[in-house]
1. Restricting to bridges with both residues inside the chain, how much of the DSSP beta-bridge set is antiparallel, in percent to the nearest 5?
2. I need the peptides 69-82, 129-142 ranked by packing, meaning the mean over residues of other C-beta atoms within 10 angstrom, with the highest value on top.
3. Distance from the Cα centre of the stretch 203-277 to that of the stretch 346-402, in angstrom?
4. In the stretch 377-495, how does Rg compare with the Kirkwood Rh, expressed as the Rg/Rh ratio over alpha carbon atoms?
5. With runs of 4+ DSSP H residues as the only contributors, calculate the mean residue ellipticity of the chain at 222 nm using -39,500 (n - 2.57) per run, divided by the residue total and rounded to the nearest 500.
6. Working from the pairwise distances between different alpha carbons, so that the mean of 1/r is found and then inverted, what is the stretch 9-155's Kirkwood radius in Å?
7. Restricting to Cα pairs below 8 Å that are 6+ residues apart, what does the relative contact order work out to for the chain? Please round to a whole percent.
8. So what is the relative contact order for the stretch 363-442, in percent, with contacts set as C-alpha pairs under 8 Å and at least six apart?
Ligand code: GLN
């Protein structure tokens with residue numbers, strides 16, 4: 001029998017439905033890969049092999065009874081450890097939530113289980129999803145399965161914050177995984193590991209039960225090996241949820257059925273401000289390749305301007321910490337996880353001791369920045385100003401989309417960097433998000449698909465940004481690129 005871990009979401013779903021193999025066999029194969037890779041890659045915080053088997057048995061029983069199996073029937077997946085999972089520890093990769101076992105299930109994870117998926121485990125991430133390399137995790141960083149082609153074995157970042165998800169999918173530990181994206185955390189890790197990932201329009205996926213980072217930006221989405229698998233999984237994840245006040249009350253389109261790589265009549269905008277001085281030559285070349293592929297698929301390519309692009313990153317690094325400082329106020333030692341109660345301490349001391357011990361350095365930095373920009377006297381100078389910039393960025397996109405249907409840009413300014421390369425310089429880490437945050441600030445759907453390898457043999461991602469609610473156009477452009485890029489590279493197995 002073929003190695004089932006070579007299969008993606010569609011192939012497993014169809015293989016189980018067609019009786020080529022059982023869902024239990026698929027779950028067992030991925031469980032085995034996870035166990036074998038954990039010590040080398042550290043992609044999971046907890047593996048839940050029994051949960052995967054339980055869901056698989058339910059799918060196999062349904063098939064035997066002739067019942068429908070669901071959009072994700074028989075597909076085992078990884079769950080970013082930011083989604084609350086009933087009865088399974090949910091930590092956001094923090095010490096403060098270590099040992100926290102929710103009583104409830106997030107809406108998105110529940111939808112996936114209802115669609116027939118099973119859980120292989122909870123995936124590692126940057127602490128509270130703050131970071132671009134997975135190095136802020138309390139549980140140790142994930143190591144990318146990829147290595148440079150220089151014969152060395154330097155450990156590389158899998159991207160962040162969804163770095164456990166990206167490493168696990170690219171190392172064949174799961175066919176797909178959930179991610180969340182506040183300022184690039186689905187797209188940049190997907191780019192770093194040669195996989196696909198889509199952040200839908202803000203509001204498509206319910207945020208209920210996802211540990212909050214910056215609520216006006218947070219969106220869940222799928223990370224998988226190809227565009228079709230992303231479309232399938234997004235259909236299962238999306239949908240109106242009355243428990244999330246920002247949830248979109250719109251029907252979920254049939255994105256998989258709507259896939260086409262024929263872009264005749266479509267216009268693709270190329271934003272001139274993204275072509276920055278000193279741009280990495282390989283990134284620039286991959287962007288040019290992407291333009292040529294979309295043209296070949298029938299699209300008309302036009303030059304567009306997004307004039308406020310250079311203010312997006314500074315605005316993001318005010319708005320996201322501001323919201324985080326407010327969201328993270330709830331971790332006080334009273335309600336969840338860690339409690340540090342020194343001898344003779346009063347309530348204030350307990351709050352302080354718990355937060356001092358429970359949050360990592362990057363999380364503390366964000367809370368301090370956020371509290372500062374929201375404080376009386378500085379609020380207007382920073383927070384209000386950043387909100388105005390956010391409006392201008394949205395307006396830039398709205399104007400651009402009067403001329404084009406989707407926008408093509410690189411996902412990140414570089415390929416994967418080495419672990420430790422940027423940890424002493426937070427600003428250089430933040431700069432890695434430069435191409436990702438504008439779409440986040442504007443709430444737009446955006447996807448990363450593999451565009452090729454750089455001269456070091458590492459994957460580069462191409463980003464497609466769409467109008468609000470136009471995930472279909474984003475996926476279709478992604479498919480057109482995927483079919484032409486012929487990206488079959490994968491990390492050589494060393495773990
Ligand atoms: N790297 C960005 C940050 O650190 C984005 C994180 C995210 O999207 N969750 O804030």
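1. Bridges in the chain that DSSP calls antiparallel: roughly 70 percent.
2. 69-82, 129-142
3. One Cα centre to the other: 25 Å.
4. Across the stretch 377-495, the Cα-based Rg/Rh ratio is 1.05.
5. Rounded to the nearest 500, it is -11000 deg cm²/dmol.
6. When all Cα pairs of the stretch 9-155 are included, the Kirkwood radius is 16.2 Å.
7. For the chain, the relative contact order is 18 percent.
8. 31
Read-outs: derived from the displayed coordinates by stated rules, not from any lab. Small disclaimer: the values here were computed from a predicted structure and weren't measured. Virtual Cβ from ideal backbone geometry, glycine too; neighbours counted across all protein chains shown.
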